[in-house]
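Engineer: I'd like to ask you about the structure that follows.
Since every read-out is calculated from the coordinates, none of them should be taken as a lab result. The model shown is predicted, which means the values in this text are computed figures rather than measured ones. Reconstructed Cβ throughout: ideal geometry from the backbone, glycine too, with neighbour counts over all protein chains shown.
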Amino acid sequence: MTNRLLYLVRHGESDGDGLSAVGAAQAKLTGERLRDVPFAAIHHSTLPRATGTAQLIAESLPGVPLHPSDLLRECVPAVPQRADRTPEQAAFLDGLPATAMTEGPAQASAAIERYAGPTGLGRHELVVSHGNLVNWFVCHALGAPAGAWLRMLDYHCAITVLMYFPDRVKLVSYNDMGHLPASLRGLDYPDEARI
């Protein structure tokens, strides 16, 4: 195989910082969906909701090592120029601590450097992280502008796949939640956004 497949999964629904019962069910179904993928590794955020999701997915992937990383924690991956922000985006970003606006982009850049790209051609790897960072990986792959991650809707335990070739990257799928019944999809979004 001359490409590398990177699977990205947002953590399951959380109850505080850890997984809720719904989040645990989402994670188990995600593991069942991915059980036949020959993963070399599972990388995951060190936050409890992502760690718990990765551990439950790993139950369906015996022998695949888990690798925690602070680079995969939730962050503000890029800050669009003020003139490019919608009022909703401006309100969201203005409500965050100033450190989130400086530390987040540095962390996201380091995460891209570490986990994106063709290094390890022929491998399948799984990253369990958070919505903002999953969306940033997609934006990076597509060459999208800095604020594009703010315009993407990400569901708990949805699967996104990027295929890296030596000289390019392709988005294979985004936000795939076909493995989740309707009762477990998009519970944190209004009904009209739940597909």
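Engineer: Between Asp17 and Asp191, what is the label-to-label distance in nm when each label sits 7 Å out along the Cα-to-Cβ direction?
Structural biologist: The modelled label-to-label distance comes out at 3.5 nm.
Engineer: Taking the chain as a Gaussian network, where each spring joins two C-alpha atoms under 10 Å apart, which residue of Gln89, Gln26, Gln107 fluctuates the most?
Structural biologist: Checking each option, the largest mean-square fluctuation is seen for Gln89.
Engineer: Another question, if that's okay. Taking the Cα atoms of segment 110-195, what is the range of coordinates along each of the three principal axes, in descending order and whole Å?
Structural biologist: 41, 28, 19
Engineer: Expected output is a single nm value to one decimal: the length gained when fully extending between Arg151 and Leu121, i.e. 0.36 nm times separation in residues minus the C-alpha distance. What is it?
Structural biologist: Roughly 7.7 nm would be gained on extension.
Engineer: P(r) of the chain in 5 Å steps, Cα pairs, percent per bin?
Structural biologist: Histogramming the chain at 5 Å steps yields 1, 8, 16, 20, 21, 17, 10, 4, 1, 0 percent.
Engineer: Follow-up. For the residues Arg123, Arg82, Arg10, what sequence is obtained by ranking on other C-beta atoms within 10 Å, fewest first?
Structural biologist: Ascending number of Cβ neighbours within 10 Å: Arg82, Arg123, Arg10.
Engineer: Let me ask you something else. Name the residue farthest towards the positive end of the dipole of segment 8-186 from the options Pro62, Gln26, Leu171, assuming +1 on Cβ of Lys and Arg, -1 on Cβ of Asp and Glu, about the Cα centre.
Structural biologist: Most positive-ward Cα: Leu171.
Engineer: For segment 4-109, count all C-alpha to C-alpha pairs, find those more than 24 Å apart, and express that count as a whole percent of the total.
Structural biologist: 36
Engineer: For segment 56-124, just the Cα atoms, rotate onto the principal axes and tell me the three extents in Å, largest first.
Structural biologist: Between the extreme Cα coordinates on each principal axis of segment 56-124 lie 47, 27, 20 Å.
Engineer: Moving to a separate point now. Give the relative contact order (percent, whole number) for segment 8-186; include only Cα pairs under 8 Å separated by 6+ residues.
Structural biologist: RCO, segment 8-186: 29 percent.
Engineer: Between Thr99 and Thr86, what is 0.36 nm times their sequence separation minus the Cα-Cα distance? Round to one decimal in nm.
Structural biologist: Full extension of this stretch gives 2.6 nm more.
Engineer: Please label the shape of segment 23-71 as rounded, prolate or oblate, based on the square roots a ≥ b ≥ c of the eigenvalues of the alpha-carbon gyration tensor (a/c under 1.5 means rounded; beyond that, a/b larger than b/c means prolate, else oblate).
Structural biologist: oblate
Engineer: For the chain, set up a GNM with springs between Cα atoms under 10 Å and report which of Ala27, Ala90, Ala111 has the largest fluctuation.
Structural biologist: Top of the fluctuation ranking is Ala90.
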